[in-house]
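In what follows, a structure is listed as structure tokens, so that the remarks can point back to it.
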Amino acid sequence: MCGIAGVIHRGDVAGIGSEMTSMLQAMKHRGPDSTGFALYSAPRTEQSFVMRFKVAEGAEARSGFAIHEQMVARKQEVDKRLAELEVELTSVGEATEYAFRYEFSFAGDLRRLASYVEDIEGVEVLSIGHALELVKDLGDATVVSDQYQLHGFSGTHAIGHTRMATESDVDIRSAHPYWAYPFSDVSVVHNGQLTNYWSMRRDLERRGHRFMSDCDSELIAVYIADAIDRGENLESAMRRSIEELDGVFTYLLATSDQLGMAKDVMAAKPMVLYEADDIVVLASEEVAIRSIFGREIDTFDPYEGEVRVWQT
Amino acid sequence: MANLSEDKSHELGMHTEQLKGRSQQVFFSAAAHENFSQPFAYDVDINKHAEIDAENLATGEINDQLRELMKSGHGSIKILNPGAKHSIAVGILNRLNLVLEGSLGYFGLGLLDGPNVRVTGRVGWSCAENMMSGTVVIEKNAGSTFGAAIRGGDLICRGSVGARTGIDQKGGTILVGGDTGAFSGFMMQRGRLVVLGDAGSNLGDSMYDGTIYVAGKIKSLGVDAVEEPMGELDVAWLQRKLDLYGLTAPNGLANMTKIVSGKQLWNYDNLEPSEKKLVL
């Protein structure tokens, strides 16, 4: 069933790490397999990026003896390749033995950078962005938030996901959110099923896009990435997606300064929305929205086929 | 039954889910009583009042307290701070004046037969599902599948509601003060659905019987749903019903649009009214 949530503070920054943790934990019953966060801080300068990547699956890291040496070797290879591409590292963080956070300056081709890093066996780039940091792992929101120390994360907006695995594995690769590779700062969370996944995936692969999982939700991220690549704006791409994606779905999409939601024409998947001048909050269940407010609020359900986009 | 172990229940396939990974794995336990108790209608005194503060209570605890109060004869109960929790105040089978101060989550007020309920906030999906009798008034908005499969009673939302309002409605009245989403009245079989705002696409899709009244615009009609002229009886009925809840049609009752089923099902249309009741 899965639960999705999003929050955007308009004209301000706030403790979005804590807010998303609270919202996603309130929806733990919708999916306890994995939890993911796409958190957006104030955008850095044009050549400054944050990259989140992993060198192994969490489960893989907890089994066998050779994997620990392999993870060290994989990280060293990442460092070597970044140096080859003249990436200037400004900060190196280790969230777990297998997940890392790098800040760097880079003036080259982002797609080449991401592809070169992911060419290393077992390595996956979770996100690269001026503002976006994508964190996902097995366990509920509190577990993942504690593990990656997200409670203190301050920013403008965020989206998140609690996953009940149905059509692909319980692993980090299949967890949401998905980054719209290779476009910096675009991420997606989705609740539902896409029934024309394989035909659309083949079309997108023919146009040169890569898929890291068999999860239908990744298709939305790639679909939007493809639209942006062809010069389409976010809202227009999301409106087109309502016509072209077949199935039942509600999804949230974020860029460095926008948060959008789209709901299929059957309105078969839930979404509750609270909107005020300074904040917009969305979630699969109202109980999640209420977890971050200490006052009575008025909420509503967006209608079928509805697309909305908010600016920070 | 006492010797029926969880292993045995597993062997018999009496589990709810068994998914890969960390998903839910809850098995039937012979020692568990909570899901196997007999529903009960209590004899209550409407003048006997009580309150429950639900702020720090789980759904089961709220419903248990509510049941205990009814068991001890309380007929007017107020639940404070329901906090949009799911499945609150379900299976009430007796007279009761119930006020919920705040909002409910999904599947609130399901399986009601008799109480008068008022919710001061909003309700999530599937509110008042399968209601048999009584009244439910929601002061703000409601989510999708509002009043699914109700068989009787009055279900009122003063705000707007989501998609599939009154899906599989088998009786009773649903009144919506604002707009409704797509597929409202889907597979409706009896009763009346009144929308004082606009209706979404595919209104009344595959309805068998019953009547839908809309005061605003209709985005589109569903398969086999057709418009029929408003009659004096329609206006009179609407007037009395709306007056009960202080609602008005923005452009006058006579200007509302009446939608009925255009379906021609041989097996259905050739039945006598009493036989139709059995089929439905």
Which one is farthest from B:Val90 (Cα to Cα), of the residues in region B:121-166 that are among the polar types (S, T, N, Q) and over 11 Å from the mean Cα position of the chain (by Cα)?
B:Ser160
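Residues to consider are B:Ile156, B:Ile77; find the one that is outside any loop (DSSP other than H, G, I, E, B), crowded, with 18+ Cβ neighbours inside 10 Å, aliphatic (A, V, I, L, M) and in contact with a His (Cβ under 9 Å, 6 or more places away or on another chain). I'd like the intermediate steps shown before the answer.
Numbers: B:Ile156 fails: in contact with a His (Cβ under 9 Å, 6 or more places away or on another chain).
Only one candidate passes the filter, namely B:Ile77.
Please work out if B:Gly108 is closer than 13 Å to B:Ile79 by Cβ and more than 10 Å from chain A (Cβ to nearest Cβ).
When the stated conditions are applied, B:Gly108 passes them.
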Test A:Leu259 against the stated conditions and say whether it is closer than 25 Å to B:Ala84 by Cα, among the aliphatic types (A, V, I, L, M) and under 17 Å from the mean Cα position of the chain (by Cα).
yes
For region B:180-199, which residues satisfy the criterion of being crowded, with 24+ Cβ neighbours inside 10 Å, outside any strand (DSSP E or B), without any contact (Cβ under 8 Å) to a residue 60 or more places away in the chain and not hydrophobic (A, V, I, L, M, F, W, C)?
B:Gly181, B:Ser184
Every residue from region A:231-280 that is of a type in the set (Ser, Thr, Tyr), touching a Ser or Thr at 6+ places or on another chain (Cβ under 8 Å) and either within 14 Å of another protein chain (Cβ to nearest Cβ) or crowded, with 23+ Cβ neighbours inside 10 Å (or both)
A:Thr250, A:Tyr251, A:Tyr274
From the list A:Ile224, A:Ile292, A:Ile228, which residue is within 14 Å of chain B (Cβ to nearest Cβ) and either within 27 Å of B:Ser184 (Cβ to Cβ) or touching a residue at least 12 places away in the same chain (Cβ under 8 Å) (or both)?
A:Ile292
Could you list, ordered by first residue, the pairs with Cβ atoms under 6 Å in which the first is in region B:200-211 and farther than 20 Å from B:Gly143 by Cβ and the second is hydroxyl-bearing (Ser, Thr, Tyr), at least 6 apart or interchain?
B:Met207/B:Ser261; B:Tyr208/B:Ser261; B:Asp209/B:Ser261
Unmet requirement for B:Leu233, which otherwise passes all of (1) closer than 20 Å to B:Asn202 by Cα; (2) at pLDDT below 95; (3) not small (Gly, Ala, Ser):
(1)
For the list (1) within 27 Å of B:Arg164 (Cβ to Cβ); (2) within 13 Å of the chain's Cα centre (by Cα), I need the number of the one condition that A:Val248 fails.
(2)
If we scan region B:50-65, do we find a residue that is crowded, with 16+ Cβ neighbours inside 10 Å, away from chain A (no Cβ under 14 Å), modelled with pLDDT of 95 or more and in contact with a His (Cβ under 8 Å, 6 or more places away or on another chain)?
yes
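Which of the residues belonging to region A:242-280 are of a type in the set (Ser, Thr, Tyr) and farther than 21 Å from A:Met1 by Cα? Talk me through it step by step, then tell me what you get.
Keep residues of region A:242-280 that are of a type in the set (Ser, Thr, Tyr), which gives A:250-251, A:255-256, A:274.
Passing the criteria: A:Thr255, A:Ser256, A:Tyr274.
The values are calculated or read from the model by the stated rules, or taken from the named source; none is laboratory data. Please read these numbers as outputs of a predicted model, since none were measured by experiment. Using ideal geometry, Cβ is built from the backbone for each residue, glycine included, and neighbour counts are taken over all protein chains shown.
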